[in-house]
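Novice: I'd like to ask some things about the structure below.
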Amino acid sequence: MQLQFAMDTLTTEDALDLAGKAAPYVDVIELGTPLIKSAGLSAITAIKQAHPDKTVFADLKTMDAGELEAGIAFDAGADLVTVLGVAGDSTIAGAVKAAEAHGKGVVVDLIGVEDKAARAKEVVALGATFVEMHAGLDEQAEEGFTFETLLHDGEASGVPFSVAGGITTDTIAAVQASGARIAVAGSAIYSADDVAAAAKALRDAITEQSAV
């Protein structure tokens, strides 16, 4: 299982600093939606130039104009972009068309989708590389939210998936056991006093689980 670091900082400078500390321990570096909205596409280019050996993930959360938005992100250096699962099929198909033209990939973010397992099957059939079983910060704060629901939806989907939604060293073993191809950690890394140590702890937890 790969480890993805989601950075929700607001400046390119902060993102470069965080990525530099976490990079030795992560496989995928994600520019969060707030970062891209705040700093623009140039932040994608800066991260890719600083870490050409890493997969750079641009969390666009595209809802319309899939081919256009994906295309400009790929041109900026992104390897993967997100389209929302609640978007229309034509929007997802448009992003996939751009990905194919660039030799890149599309991830469909299932945040806000009621039946995640069913929609996951549909979007992979449209050409998505994989889906993200995602509970956003607002949903995580809602009464009744359970992390286990994301894992169940991923397993039930039968397609390649990642998991994002408050992953920590306490929960990452369960993510790996669910069959997820990527665990997405955000605040567990960027809010830590020692970013490198936090990323390493998650990497070590994956390694330990793999050895079991």
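Novice: Which one is nearest to Thr9 (Cα to Cα) among residues in segment 170-196 that are hydrophobic (A, V, I, L, M, F, W, C) and under 13 Å from the mean Cα position of the chain (by Cα)?
Specialist: Within segment 170-196, the subset hydrophobic (A, V, I, L, M, F, W, C) is 172-175, 177, 180, 182-185, 188-189, 192, 195-196.
Still in the running and under 13 Å from the mean Cα position of the chain (by Cα): 180, 182-185.
On the way: Ala180: 25, Ile182: 21, Ala183: 19, Val184: 16, Ala185: 14 Å.
Going through the qualifying residues, I end up with Ala185.
Novice: Taking Gly166, is it within 20 Å of Gly88 (Cα to Cα), open to solvent by 20 Å² or more (accessible area, probe 1.4 Å) and not hydrophobic (A, V, I, L, M, F, W, C)? Break it down into steps so the answer makes sense when it comes.
Specialist: Numbers: within 20 Å of Gly88 (Cα to Cα): no; open to solvent by 20 Å² or more (accessible area, probe 1.4 Å): yes; not hydrophobic (A, V, I, L, M, F, W, C): yes.
Considered against the rule, which asks whether it is within 20 Å of Gly88 (Cα to Cα), open to solvent by 20 Å² or more (accessible area, probe 1.4 Å) and not hydrophobic (A, V, I, L, M, F, W, C), Gly166 comes out as no.
Novice: Find the residue count for segment 17-44, including only residues that are crowded, with 17+ Cβ neighbours inside 10 Å and either within 21 Å of Ile72 (Cα to Cα) or modelled with pLDDT under 95 (or both).
Specialist: Selection size over segment 17-44: 12.
Novice: Further question: Considering Ala58, Ala78, Ala117, Ala128, which residue is over 17 Å from the mean Cα position of the chain (by Cα) and either surrounded by 15 or more Cβ atoms within 10 Å (Cβ to Cβ) or small (Gly, Ala, Ser) (or both)?
Specialist: Details: Ala58 fails: over 17 Å from the mean Cα position of the chain (by Cα); Ala78 fails: over 17 Å from the mean Cα position of the chain (by Cα); Ala128 fails: over 17 Å from the mean Cα position of the chain (by Cα).
Going through Ala58, Ala78, Ala117, Ala128 in turn, the sole match is Ala117.
Novice: Kindly check whether there is at least one residue in segment 81-93 that is of a type outside the set (A, V, I, L, M) and under 13 Å from the mean Cα position of the chain (by Cα).
Specialist: Initially, segment 81-93 is screened for residues of a type outside the set (A, V, I, L, M), giving 82, 85, 88-91.
Add one more test, that the residue is under 13 Å from the mean Cα position of the chain (by Cα), and what stays is 82.
Yes, segment 81-93 contains at least one residue that is of a type outside the set (A, V, I, L, M) and under 13 Å from the mean Cα position of the chain (by Cα).
The values are calculated or read from the model by the stated rules, or taken from the named source; none is laboratory data. All figures in this text were calculated on a predicted structure; none of them were measured in a lab. When we count neighbours, we look across all protein chains shown, and the Cβ atoms used for this are built from the backbone with ideal geometry, even at glycine. Surface areas here come from the heavy atoms of the whole protein model, side chains and all, with no ligands, DNA or RNA. Shrake-Rupley method; radii C 1.70, N 1.55, O 1.52, S 1.80 Å.
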